[in-house]
Amino acid sequence: MSGTVFRVHPAIGIGRVGDSEAFYIAPVTAAGTIEPGGLMGGLPIKPGTEDTPITADDFRDAHGNVKRQAARFRIYAYPAGGSGTYPTGAGTLVAVGGSVGGKKVVDIVWTVHLANKKLNNYSTVSQGGQFRGIGAYEDPSLLELRNPDYKGKTDKNDPVRLRELFIDPGPRAIKVSGGTSAVVAFDAATPAAYANASATIVSVRDYPKSFPSDFNTLYEPLGPLTSLGDLRVDDKGGLVVAGGYARTVAVSKDGQPVDPMTQATENGLWYDDAADGPVNAVLVFDDNSTAAVQAGWYVTGDPGYAPQTRNIISVWDDVYDVWVRQLGLVPSLFVNGQFQASYQPSFPDDIQPTFHACMLQRWNTNLPSVAINNHDMIGAIKPTDDPTSKIPNFKTLLRDPNSTADTTTGAPLMPLSLGDAQKSFLSVSQTQYFLLSQWHAKAYLPGPGSALGPGEILDKITLENCLGGRYSPGIEVSFPIRDTNLYIQDWQKQDCGPFRINQAQLDYSKATADKPFLTFGYIPLQAIPVEPGDISKAMSVPWHTDYNSCATHLPDPNPQGNNTLFWSWPAERPVAVYPVSLCVYDAAAKTWTVGQQVYSVRGAGTDTPYPAQVGRFQKYPDFVKNWFDVGFIIEGPQIPTETGKSPYPANIFLEVQSQFAVGSDFVPPWPTADVPHYSTAPAVRGR
Amino acid sequence: MGSKRLVGAIIAALWAATSLPAAAQPAPTPCTAPSTWFPHSQTPEQNSAGFPSDPNNCDFHQWAWNAFLWLTQDVKGEPRFEAMPANGIETKAGTLDALIGRSAQARTLDIIDQAGPNGIMVDLQGHPIYYSIHSDSTFGDFLKTNGLFDPAKLRAFDPNTSFPVGTLTLKAAWKVVNPGENVSTFYTRHAQIALLTTKNGKIVLSGKTKTAAVALVGFHIAGTVANHPEMIWATFEHLQNAPDLPKKMSEMGPYEKVSDKNWTFYKAGTPFKDCNINSAGSGALKLDEAAQTLTPVTQVCRMVPYGGGSDNNVANIKSLNDSVHAQLKGVWNNYFDVGAIWFAANNALKPNCTFQPGSLECPATSGKPLLTGSTQLSNTTVETFTQSQSAQDNCFACHNTVQVTSPNAVAPSLPGLNVGISHVLINEYFAAASHPPAKTKH
């Protein structure tokens, strides 16, 4: 098989927590792109289908529990030596029963290793209570270790810390020939196992599994944390990885958590079941030969409450920016430290999704009508329009990511959201900025750009549906996603394609029951290979508190004199929504009109006289107890209507399946101010 | 005004010559109203063209009060601002209607939406506050002379050209008078007011009107003077509209009462957290169509008395108000200058600037704020819901010269223009450009 290489796609797959055993499959379309049927992309798909988008009824199971999102990985074959350029446009799906290079594929054996290493990692908050993002790793003296004195162990490499603060069920293997009904769980009861180079599943009986209950008495407000998810295979030979159950448990004393849950991102000894890890596979052919496959990586994120709302800056925008500017991905676009004026972005590929993202923000935020109209205009821009008739002055609309002054300037500069660590306001990536400026200069292609292969499409789409730009710490991944050390950088030499995580080679034959298997692992800005748990460990402890907190805030740093509140992550953390039950139907005209906005997170425990605190539970533990009540935002045609009424139209996105009463929450339009002023006690965020 | 400046110069010269100890320094010259403004029937027109080239803070406030008095002066039975002459500009589909040339008395009061975030102010009796917009012939003639009633010509207009000296644009806020209500301290008149209805859950104009007595509660004056093409933005209110906060808004607790007294738009004892709630913007406002009343009502508080600014600015406003009130008689004596805002530098208006702190401020003087006067100026009846947000808490926060992106896919966006400082012009541009005249068949 020397003429062919095999790769798992997507290179990075995203699952999402839920409290149901049931799941749907991660989207195969991108939010912000309109599909041929007219539906906005980004919707997850129904299990057992290739690409059938879910409806409003699919977010919860029959018991009302939130379904998990599973990531589906597939293997694609490429001609060897084809990694010289990106995109290749190549890639053929490898399925059991199919042929590759004259051989028939008879089995695929997958190995996945998930872990959660959050509690023995550096805090998101560094010295002085500051979110510095990757900046803190430029001066390691600024870093603060989470749980720095856990059982008197202060060395991050101490075996007690590695064992007891990690959740590590070890690897799991599953083979396609075992059938689609098999489920392999990342729990304590399921044996650790992996597939070796000859595709034999090898049990690792002495693998030092670790779960929180092994070492401490726990406070378990949502029940015990016993699993990080599970594996299945599908009928195409693909792998389906479903993540955890949104559990969070705390080390306790006298029945109460030893660390009160009072902080947005750093709550000490609170475990959750988010996780990540490598997705490896071995192909088995009819001549009993095998072939290795370039690995993918799985990550568990927060629930996808608004899957069709594209982030203005997606993880794709950040990853693409890193690869373009630092790893030579597209020399025609960027070479020798310079963007190339001759490069013409594609309007549908590179420009329109960002415009659609602008248009979509209104469904999760309390934009006033004037801004909604402006955003809708941007979203309606066509490739045939004169850019200057729509945006006469590019620089007074879009924040320049290279301008410190722009970064501290709010409206009218866009995006109108909070910025990344140590930046007041959000900026598009440098590559996005260049591509958009090329469009404005009329140097663009009205049609599609270079064709992506099917696996390359999955790589891109998966990350397009994730939150970028503002990693403090984020929803699915955090600032390390911009660190070149995270990736296999000699992707052409290794013939693995771009965006692949630099996987640590783990020798499971050396696992012993008496010492931890995983190490502290990857540290941003250092060339340390990436272990299971090394991506999710940069996220909040636990994720619930961060989600609850990140509705609206003052900028940080807050420009002098500013008291206006801005949104944190509006595309994925809806703040203000339009409940379907408040839509008004005009029977004569057979039309629907959206009604009053309410807060997405609402009800008892969320009331406050302080605008800076609206739309969230005032006490973090209350969100933990109610996270599953939050509703989902979905486009009109996917919402069932009552008999005799017209369907909900496309291009309206309504809240469905909320388990909060609609109530009479009051959502004034932006701008709102921190008046009455909300004063917090001195922050003790870092530990 | 000239004599006061002369006195000031003499005092300054004496101070330099004698170098008096601090305790013996003379008090600053108070900002007062010249006696020549009174009686009201003889108030001269404000001298916009002769505005001093090196004005002090008082000069701006004096211009504002002078303009208020002149514009409210009785002309054939009605205030001058309501009797501005027609200038004969014809309007038709696809061209701007800058509200020129029609008598305000004949014009229906059909604006209830405030500028900004979808606000409707509701008085304590449940009626919306209505607004009327007025402009003078200088404004209209400028548009006509430059062909700016044609949207295409406005788009292509020289971005550096500003409105000429003497331009005035005005906005009046009107409260519906209830039967038996004592409005003896207000200027009142009868007007056709637009009636409201609910359509698809939204409160909209029904297309019907009725005659009602209305009382003036707020009055904006924006006008250009020599060296200040950005306009002086001044605003006046009725004395009994709403209470000032008893302390800085950043120090107010949510449950603190703002006033123990009833005001026209504030019920005694209402806590701070319930002030200036934008019910319309949230969709929470409900209409009783038969009674033409809305709920909930708006409890109005003045977040920044006199629009803040320097101590000298506030002192000048207070002093000038006192001076006018001591000399003025009649109903107009019940109104006061809330404040005014302008640029600290002469002729600093430039296109594509926000004039707010930040990268688009376009400061004329490095290191110094461009805005001066009442730097957090709002009228509680016109900008009720944007008094506190730093993003919109002064006139220039919205009235600037950056481009205005189109509200729809039809009208081209408007480039950054000096004349974009006027929202009368911008709004009419988009009204016209969004409905271009039908093409003629050939």
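Descriptive notes on the structure:
- Anisotropy class of the range A:261-350 from Cα gyration tensor, a/c 1.5 cut: oblate
- Radius of gyration (Cα atoms) of the range A:249-302, expressed as a multiple of 2.2 N^0.38 Å: 2.04.
- Taking B:H127, B:H238, B:H190 as the candidate residues, the one with maximal mean-square fluctuation in a Gaussian network model of chain B, Cα springs under 10 Å, is B:H190.
- Mean per-residue shielding of peptide A:363-371 is 3, counting Cβ atoms of other chains within 10 Å of each Cβ.
- Expressed in Å, the radius of gyration and Dmax of the Cα atoms of the range A:68-224 are 21.3, 62.
- Distances between placed amide hydrogens fall under 5 Å for B:S206 paired with B:L195, B:L196, B:T197, all partners being 5 or more residues away or on another chain.
- Interchain or long-range residues, amide H under 5 Å from A:V202's placed H: A:Y194, A:A195, A:N196
- The range A:393-552 pair-distance distribution - Cα-Cα, 5 Å bins, rounded %: 1, 7, 12, 15, 16, 16, 14, 9, 5, 2, 2, 1, 0
- GNM result for chain B, Cα springs below 10 Å: residue of B:E230, B:E361, B:E383 fluctuating most strongly: B:E361
- Cα-based Rg / Dmax (Å) for chain B: 22.2, 85
- Annotation for B:V204 and A:A588: the two label points, set 7 Å from Cα along the Cα-Cβ direction, are 1.1 nm apart.
- Note on B:352-359: average number of Cβ atoms from other chains within 10 Å of each residue's Cβ is 6.
- Under-5 Å amide H pairs with B:W263, H placed in peptide plane, nonlocal only: B:A268
- Selected from B:I277, B:I317, B:I421 as most flexible by GNM, with chain B as the system and alpha-carbon contacts under 10 Å: B:I277
- Listed from fewest to most Cβ neighbours within 10 Å, the set A:Y298, A:Y305 follows the order A:Y305, A:Y298.
- Subtracting the Cα-Cα distance of A:S177 and A:S289 from their residue separation scaled by 0.36 nm leaves 38.7 nm.
- The reciprocal of the average 1/r between distinct C-alpha atoms defines the Kirkwood hydrodynamic radius, which for the range A:553-687 equals 16.8 Å.
- Taking all pairs of distinct alpha-carbon atoms in the protein assembly as shown, Kirkwood radius in angstrom: 32.1 Å
- Among B:L216, A:L436, the order by Cβ neighbours within 10 angstrom, fewest to most, reads A:L436, B:L216.
- Separation of the A:D155 and A:L525 label points, Cα + 7 Å toward Cβ, nm: 2.5 nm
- Across the range B:215-290, Cα-Cα distances exceeding 15 Å account for 70% of all pairs.
- Potential extension, B:H190-B:D260 segment - 0.36 nm per residue separation minus Cα distance: 21.9 nm
- At 0.890 mPa s and 25 °C, Stokes D of the range A:162-213 from Kirkwood alpha-carbon radius, µm² per second: 204 µm²/s
- Cys residues of chain B counted as unpaired, since no other Cys beta-carbon is under 4.7 Å: B:C395, B:C398
- Where GluC sites (Glu not before Pro) in DSSP loops with at most 12 other Cβ within 10 Å are excluded, longest remaining stretch of chain A: A:51-641
- Per residue of A:167-179, other chain Cβ atoms within 10 Å of the residue Cβ number 0 on average.
- Gap separating the Cα centres of the range B:311-326 and the range B:171-215, nearest whole Å: 32 Å
- Using θ = phi - 60° and Karplus 6.51 cos²θ - 1.76 cosθ + 1.60, couplings along the range B:246-251 (whole Hz; Gly, Pro as x): x, 8, 4, 5, 5, 9
- Cα centroid separation - the range A:217-242 against the range A:109-130, whole Å: 18 Å
- Distance between the 7 Å Cα→Cβ label points at A:A197 and B:K247: 7.6 nm.
- Mean residue ellipticity, 222 nm, helices only, chain A: the sum of -39500 (n - 2.57) across DSSP H runs of n ≥ 4, divided by residue count and rounded to 500, is -3500 deg cm²/dmol.
- Look at where the Cα atoms of the range A:1-68 and of the range B:122-151 average out, and the two centres are 53 Å apart.
- Between B:Q327 and B:D54, the FRET efficiency estimated from the beta carbon spacing at R0 = 30 angstrom works out to 0.65.
Just so you know, all these numbers are worked out from the coordinates, no wet-lab data involved. For clarity, every value in this text was computed on a predicted model and none was experimentally measured. Heads up, the Cβs are rebuilt from the backbone with ideal geometry, glycines too, and the neighbour counts pull from every protein chain shown.
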